[in-house]
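Here is the structure we will look at, set down as structure tokens.
The values are calculated or read from the model by the stated rules, or taken from the named source; none is laboratory data. Keep in mind that this is a model prediction, so the values were computed, not measured. Positions of Cβ are generated from backbone atoms using ideal geometry, with glycine treated the same way; all protein chains shown enter the neighbour counts.
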Amino acid sequence: MDATISGSSPTSRDPVIITIDGPAGTGKSSVAHRLASRLGLDFLDTGAMYRAAALIALETGIDPDQGEALAAAISDMGVRFDWQSDPPRLMLDDRDVSARIRDLDVSGIVSIVAAQSPVRSVLVERQRDIAEAHPRLVTEGRDQGSVVFPDAAVRFFLDASIEVRAQRRIKQLASAGQTIDEHEIRSDIESRDRLDTSRDDAPLIKPEGAIVIDSSNKSLPEVVEEMERIVRDRLPDAEFTS
Ligand code: DC
């Protein structure tokens, strides 16, 4: 697909893809959503798609490491977004599972599911289809700048210390009314980091040429502002919301 631009400055309402990759708990989703709003672009949360795949595993009883069977189930069920909402709601067929996919049982197996190549193939293809339909996009995940959209106009890698990431996740779950065990959260993040960075297919890496931002000591608005400034500097001819 050719929804990305490399080497030249986009003009007017040309396609423009901005990727944000990084480990769990760096605030990627919030940052990506806000950046997209500021620039007038659409927002894609690819982690939600892997979480939906994990939910499918839980609901169908397919083992999380049965990649082929899971990929077939994903194709059958239809993982899609409702683009009428902002941020887009994650739908499994016609069921809104946006909240359900954040539960700990889903988080507990999602890295195993995301390590299955057949699952990644189906979801990466779907992400590229989404970019065809929504060619002005901020997309976040683990492999967006490295594998899915390597020619994206601007690629970011968002990082933060493990302590800060654990505290953020705890706050997030608490505000969603969930019971929290601090030790469990930290080891969940650590084990997901390990699995995400060590898998064979599309491991979490800093994409070559990506701009690294450490959000440990920065607020969400500060990170968004920094990224917005970088994007506007790098793409002076692109037509963004002013
Ligand atoms: O960002 P998140 O915590 O919602 O991601 C859920 C899981 O999906 C996490 O284990 C990493 C994985 N993931 C991935 O492998 N590739 C992506 N593009 C996005 C997420």
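Regarding residue 185, is this residue crowded, with 19+ Cβ neighbours inside 10 Å and without any contact (Cβ under 8 Å) to a residue 24 or more places away in the chain?
Against the criterion (crowded, with 19+ Cβ neighbours inside 10 Å and without any contact (Cβ under 8 Å) to a residue 24 or more places away in the chain), residue 185 qualifies.
For segment 27-64, name all the residues that are assigned to a loop (DSSP other than H, G, I, E, B), more than 30 Å from residue 217 (Cβ to Cβ) and within 14 Å of the ligand (Cβ to nearest atom).
64
Could you please tell me which pairs satisfy a Cβ distance under 6 Å, a separation of 6+ or placement on different chains, a first residue in segment 93-109 that is of a type in the set (Val, Ile, Thr), and a second residue that is more than 9 Å from the ligand (Cβ to nearest atom) and assigned to a strand (DSSP E or B)?
Once the first residue is of a type in the set (Val, Ile, Thr) and sits in segment 93-109, its partners that are more than 9 Å from the ligand (Cβ to nearest atom) and assigned to a strand (DSSP E or B) give 97/90.
Please tell me if residue 75 is more than 16 Å from the ligand (Cβ to nearest atom), of a type in the set (Ser, Thr, Tyr) and under 18 Å from the mean Cα position of the chain (by Cα).
So residue 75 fails the test.
So residue 178 passes all but one of these: (1) over 16 Å from the mean Cα position of the chain (by Cα); (2) within 16 Å of the ligand (Cβ to nearest atom); (3) at pLDDT 90 or above. Which condition number does it fail?
Result: residue 178 fails condition (3) only.
I need a count of the residues in segment 148-175 that are modelled with pLDDT under 85 and over 30 Å from residue 232 (Cβ atoms).
Residues flagged as modelled with pLDDT under 85 and over 30 Å from residue 232 (Cβ atoms) within segment 148-175 amount to 2.
Does segment 92-110 contain at least one residue that is within 12 Å of the ligand (Cβ to nearest atom) and in contact with a Ser or Thr (Cβ under 8 Å, 6 or more places away or on another chain)?
no
Can you pull out the residues in segment 8-38 that are at pLDDT 95 or above and surrounded by fewer than 22 Cβ atoms within 10 Å (Cβ to Cβ)?
33, 34, 37, 38
Here's a check for you: in segment 112-144, which residue that is out of contact with any Asp or Glu (no Cβ under 6 Å at 6 or more places or on another chain), of a type in the set (S, T, N, Q) and within 11 Å of the ligand (Cβ to nearest atom) is nearest to residue 230 (Cα to Cα)?
139
Could you check segment 190-229 and list, in sequence order, the residues that are in contact with a helix residue (DSSP H, G or I) (Cβ under 9 Å, 6 or more places away or on another chain) and of a type in the set (A, V, I, L, M)?
Once the filter is applied, which keeps residues that are in contact with a helix residue (DSSP H, G or I) (Cβ under 9 Å, 6 or more places away or on another chain) and of a type in the set (A, V, I, L, M), segment 190-229 yields 195, 202, 204, 205, 210, 211, 213, 220, 223, 224, 227.
Identify all residues within segment 102-136 that are more than 30 Å from residue 13 (Cα to Cα) and polar (S, T, N, Q); write none if there are none.
107, 111, 116, 117, listed by residue number.
Checking the conditions here, which among 164, 124, 138 is β-branched (Val, Ile, Thr), surrounded by fewer than 23 Cβ atoms within 10 Å (Cβ to Cβ) and under 24 Å from residue 38 (Cβ atoms)? Steps first, please.
Details: 124 fails: under 24 Å from residue 38 (Cβ atoms); 138 fails: surrounded by fewer than 23 Cβ atoms within 10 Å (Cβ to Cβ).
After applying the criteria, what remains is 164.
Tell me, yes or no, whether segment 188-209 has at least one residue that is under 18 Å from residue 18 (Cα atoms), more than 14 Å from the ligand (Cβ to nearest atom) and surrounded by fewer than 15 Cβ atoms within 10 Å (Cβ to Cβ).
Within segment 188-209, one or more residues are under 18 Å from residue 18 (Cα atoms), more than 14 Å from the ligand (Cβ to nearest atom) and surrounded by fewer than 15 Cβ atoms within 10 Å (Cβ to Cβ).
May I ask you to list the residues in segment 145-175 that are more than 18 Å from residue 223 (Cβ to Cβ), among the β-branched types (Val, Ile, Thr) and more than 15 Å from the ligand (Cβ to nearest atom)?
Passing the criteria: none in range.
Among the residues of segment 81-91, write down those that are more than 16 Å from the ligand (Cβ to nearest atom) and among the charged types (D, E, K, R).
82, 86
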